[in-house]
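J.: Please read through the structure below; I'll follow up with questions.
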Amino acid sequence: MTPDRSAPVGVFDSGIGGLSVLQHIRQILPHESLLYVADAGYTPYGDKPASLILERSIAVTELLLSQGIKALVVACNTATASAIKHLRERYPELIIIGMEPGLKPATQISKTGKVGVLATRSTLQSEKYLQLSTQLSAETGIQFIPQACVGLVDQIEKLDPSSAIHIRQLLDEYIPPLLETNVDTLVLGCTHYPFVADFITEITEKHKGNLPAIQLIDTGRAVALHLKGLLMKHALASEMKTAPPLIAYSSGSVKRLQDACRHYLNLTDDQFTIASTTGLV
Ligand code: DGL
C-alpha cells in the first residue's frame, strides 16, 4: 500500500541515542507524526556482531512498517554501517535515511588537517567507515583519527546521576590522547554522544588552554533536513496543523525511555506515549 502524507515517520536506534536526531526532526518537521523505537533490550549495538545488528535492524523495521510508516530514519551510525545496504535492498519502495559520522563537514572546517572521530567500535571497523575515511583523506589530505568509545553508550543509557562520573572518566581516557595529536575538530559519530557534548567541551577546554576551541560535529540536523527534502520531493510531507504526540517503543526499559523523552526532549506526559515492544519484535 502506498503511504500517504499523514502516515508516520519511523525512527530507531539501539536506545535513547536516536532521540538526539528526533529532536531535530521535531524542530524541522513539527507536524509530522513520529514513531520511535529504542531497541534497548539489545543495546549497545556497538559491541555486537554485524549479523545481530542486521537482524535487529530488520526486526525493528518490520515493526515500524506494520505501523504504516512512510519513511525510515536509522538514527544510529552503528546500525547504518551494518544494515542500511540490506534494508535498502529489502525495502526498495521505502524512503530510508541513515546516519554516518560527519567526516565530510569536518573536512570543511579543520585547519590543522587532523580530525578525531568518536564512534562505536563496530562503526569504526565497518567497511562503510573505512571506505569513507580513506576516500576523503585521499581527496582532502585530512587525517582522521578514530577513537572507539567502548562503554560510553552503556553509561549514557543508564540516565542516572551516578553515571555522570563514569561518563567523565571514560571521556577523560578517550579525548586527551586525541587532543595531543593536534586535532581541532571532533566528529560525534554516534547518536548518543550529543547528549554528552557538554562534558566533551569541558574536557577539550581544560586541555587546550588558550588555543582555539575544538569544534564538535553532529549530523542530526543535516539528517532532519535531508528527511524534509525527501518528503517534499515525494509529496509525502504532512499537511496536519498540529504536532501529534510522539509514539515511542522500547524493547528494554520503558521507564528509561520515558525519562529520556522528558529529560532530553523536554516533553510533557501528554506529548508522548510509550509502549513495550514485548510480543511485537
Ligand atoms: N547510537 C548508536 C550509534 O549511533 C548506537 C550505539 C550503540 O548501541 O552501541 O552508533
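J.: Do the conditions hold for Asp160, that is, is it of a type in the set (Asp, Glu), over 21 Å from Val11 (Cα atoms), in contact (Cβ under 8 Å) with a residue 24 or more places away in the chain and open to solvent by 20 Å² or more (accessible area, probe 1.4 Å)?
T.: no
J.: Also, quick follow-up: Within the stretch 153-195, take every residue that is out of contact with any Cys (no Cβ under 9 Å at 6 or more places or on another chain) and polar (S, T, N, Q) and give me the one that is farthest from the ligand (Cβ to nearest atom).
T.: Filtering first and then ranking leaves Asn182.
J.: Next question. Residue under question is Ala119, and the condition is that it be closer than 22 Å to Asp13 by Cα, buried (at least 16 other Cβ atoms within 10 Å of the Cβ), aliphatic (A, V, I, L, M) and touching a Cys at 6+ places or on another chain (Cβ under 6 Å); does it hold?
T.: For Ala119, the condition - closer than 22 Å to Asp13 by Cα, buried (at least 16 other Cβ atoms within 10 Å of the Cβ), aliphatic (A, V, I, L, M) and touching a Cys at 6+ places or on another chain (Cβ under 6 Å) - is met.
J.: Here is a further query. Here are Gly141, Gly113: which of them is open to solvent by less than 50 Å² (accessible area, probe 1.4 Å), over 23 Å from Ala75 (Cα atoms) and without any contact (Cβ under 8 Å) to a residue 60 or more places away in the chain?
T.: Result: Gly113 is the single residue among Gly141, Gly113 that is open to solvent by less than 50 Å² (accessible area, probe 1.4 Å), over 23 Å from Ala75 (Cα atoms) and without any contact (Cβ under 8 Å) to a residue 60 or more places away in the chain.
J.: Ok, one more. Tell me, which residue of the stretch 46-101 that is within 16 Å of the ligand (Cβ to nearest atom) and acidic (Asp, Glu) is modelled with the lowest pLDDT?
T.: The extreme case among them is Asp47.
J.: Turning to a different aspect of this structure: Output the number of residues of the stretch 21-36 satisfying the condition of being over 15 Å from Ile97 (Cβ atoms) and either in a loop (DSSP other than H, G, I, E, B) or within 16 Å of the ligand (Cβ to nearest atom) (or both).
T.: 4
J.: Check Pro176 against each of (1) within 28 Å of Asn266 (Cα to Cα); (2) of a type outside the set (Phe, Trp, Tyr); (3) surrounded by fewer than 19 Cβ atoms within 10 Å (Cβ to Cβ); (4) in contact with a helix residue (DSSP H, G or I) (Cβ under 6 Å, 6 or more places away or on another chain) and name the one condition it does not meet.
T.: Condition not satisfied by Pro176: (1).
J.: Test Pro8 against the criterion of being crowded, with 18+ Cβ neighbours inside 10 Å and away from the ligand (no atom under 13 Å from the Cβ), and give yes or no.
T.: Answer is yes for this residue.
J.: Here's another thing I want to ask about it. So Leu188 clears everything in (1) closer than 30 Å to Thr2 by Cβ; (2) in contact with a Leu (Cβ under 9 Å, 6 or more places away or on another chain) except one condition, right? Which one?
T.: (1)
J.: Moving on to the next point. Among the residues of the stretch 106-117, is any under 28 Å from Val60 (Cα atoms) and touching a Pro at 6+ places or on another chain (Cβ under 7 Å)?
T.: yes
The values are calculated or read from the model by the stated rules, or taken from the named source; none is laboratory data. All values derive from a computational prediction rather than experimental measurement. As a convention, Cβ positions derive from the backbone with ideal geometry for all residues, glycine included, and neighbour counts pool all protein chains shown. Ligands, DNA and RNA are stripped out before the accessible areas are found, and what is left, the full protein with its side chains, is counted by its heavy atoms. Shrake-Rupley method; radii C 1.70, N 1.55, O 1.52, S 1.80 Å.
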